[in-house]
1. Excluding the sites themselves, what is the longest stretch of the chain that contains no trypsin sites (Lys or Arg not before Pro) in a DSSP loop with at most 11 other C-beta atoms within 10 Å?
2. If you take the beta carbon distance between Asn181 and Asp471 as r and set R0 to 41 Å, what does 1/(1 + (r/R0)^6) give as a FRET efficiency, to the nearest 0.05?
3. Plugging the Kirkwood radius over Cα pairs into Stokes-Einstein for region 142-379, at a temperature of 25 °C and a viscosity of 0.890 mPa s, what D comes out in µm²/s?
4. Using only alpha carbon pairs under 8 Å that are at least six residues apart, calculate the relative contact order of the chain and give it in whole percent.
5. How far apart, in nanometres, would the label points at Leu170 and Ser358 be if each is projected 7 angstrom from Cα along the Cα-to-Cβ direction?
6. Run the paramagnetic zone check for Glu458: 7 angstrom along Cα to Cβ, then residues of region 223-242 with backbone nitrogen under 16 Å.
7. Divide by every residue of the chain the summed helix terms, -39500 (n - 2.57) for each DSSP H run of at least 4, and state the resulting mean residue ellipticity at 222 nm, rounded to the nearest 500 deg cm²/dmol.
8. Once fully extended, how much extra length lies between Gln115 and Tyr80, figured as 0.36 nm per residue of separation less the alpha-carbon to alpha-carbon distance?
Amino acid sequence: MLPPSVLAHLNRTLDVPLHLQVYEGLREAILQGTLKPSHRLPSTRAMAQHLGVSRNTVLLAFEQLLLEGYLESRVGDGTYVTHTLPDTSLQKPEVKPEQQGRQPALSRRAQKLLQVQVTQYLSQPEYRAFRSGMPALKDFPFEEWRKLHARHWKTPPVQLLAYGDPRGYLPLREAISEYLNASRGVRCTPDQVLITSGSQQGLELAARLLLDDGDSLWMEDPGYLGARAAFQASGLNVCPIPIDQEGMQVQHGAEHHPHARMVYVTPSHQYPLGITLSLTRRLELLKWARQSGAWILEDDYNSEYRYEGRPLNALQGLDQDGRVIYIGTFSKVLLPAVRLGYLVLPESLIDLFIHARSLVDRMPPGVSQAVLAEFMENGGFERHIRRMRGLYAERQAFFIELAQKHFPEWLQVQPSPAGMHLVSHLAEPFSDVQLVEEASRAGVTVRALSPSYLHSPEQGLLFGYAGYPEDETILAARDLGRAFSRIRISDP
């Protein structure tokens, strides 16, 4: 039986997705003690029929609760409320009579923010195979970086210590502009480059400055959770656009969501599936943006790492109408801890973004920018990329070899011509979120594919291979293979 609170949470007139409403109802029942520890939940089919929703709705709710530790899956035996809540401080305290009826003084924006899933990794170790998006930390040129830092901190010029230009350090913007023009076909001047604290800040700025609460935005389905979180937290209506072998289906978006005011796209290496947006689709997208007056956010997060052929130049280089905002980051090519990214802005938006940047955190750190600028000017940046491109190609081949040796037949990993992770699609009835839990118990980190979808989620796993040396990869592949070989098909 289900507690009444689950049904009470379902309201099809709300903007909140049904799977989040089911999640909230079950979570509240667990925290209040209505659903006791070790209580066995009905199967997803039975619960979906009882609630009058699709099975996928219940699966997504279960998967989120499994990820957060409220539920546990017992192979061959179903899904249970966990013995110990993930954080006992989350349990609702006893409410005194005089406190009844009081509500936390949260804004609507804050309430939306609390409902947004930012990442699948919040409760998992920061550095453990096969976490995706992790560069080869141990192969970073630390000695060269240390010397640059030491020299700049020994006698730093006053302009690096005082309040600086909100756009960022001019020599760094010049180096970025020169690099993008030469390597990515981006057409820009240093004045169009705005330094940010990683790409996430760039996404936040673009969403809040160019769109209003309730506006619609196209996004690839599946797509990047971090971007979706930024858009949903800003009150935007994220419209999922399916992809095929040519990338985002522009015609689908034009037909089903013609009034969207922005498009978020990863054309060089689609996240997470790795597809390249074809030239035909690029031109089609630019034409639609011009006719509709929409903005395009081009996230070129992983363009440096292509192992076969040369990638198409950036979408921004084809833009004749000033509709494309180009987003880049140094987190993947250097270190996540560097926390520097950038926007390349159309000239019409420069003053607006400078003003907003100065209000958010005034300016990026001066000395860190100066170190990166010199690293780019003296050729260290491109040397590092060349080394990592060769290393990651070797690591991908090595990982595939181990996967063929250790992984079950239903876990087929296909090579990719670019990127830092590989995708394995799963056949029904496996739940990728439950497989992630099984991997975690074996001491291995993988990412589930299904949460990246808004509609019709497919089951799959993402394996980051770039950041891990051979000895770690061997042990992790062996442990993961043993864990998955024990799995039996079951209906949660």
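Each value in this text was obtained by applying a stated rule to the coordinates, not by laboratory testing. Bear in mind the structure is a predicted one, so any value in this text is a computation, not a measurement. No Cβ is skipped: glycine too gets one built from the backbone with ideal geometry, and neighbour counts run over all protein chains shown.
1. 103-361
2. The pair Asn181/Asp471 has a calculated efficiency of 0.55.
3. In µm²/s, the coefficient is 134.
4. Worked out over the chain, it gives 19 percent.
5. In this crude spin-label approximation the distance works out to 1.7 nm.
6. Flagged as within label range: 223-224, 241-242.
7. -12500 deg cm²/dmol
8. Difference between extended and current length: 10.3 nm.
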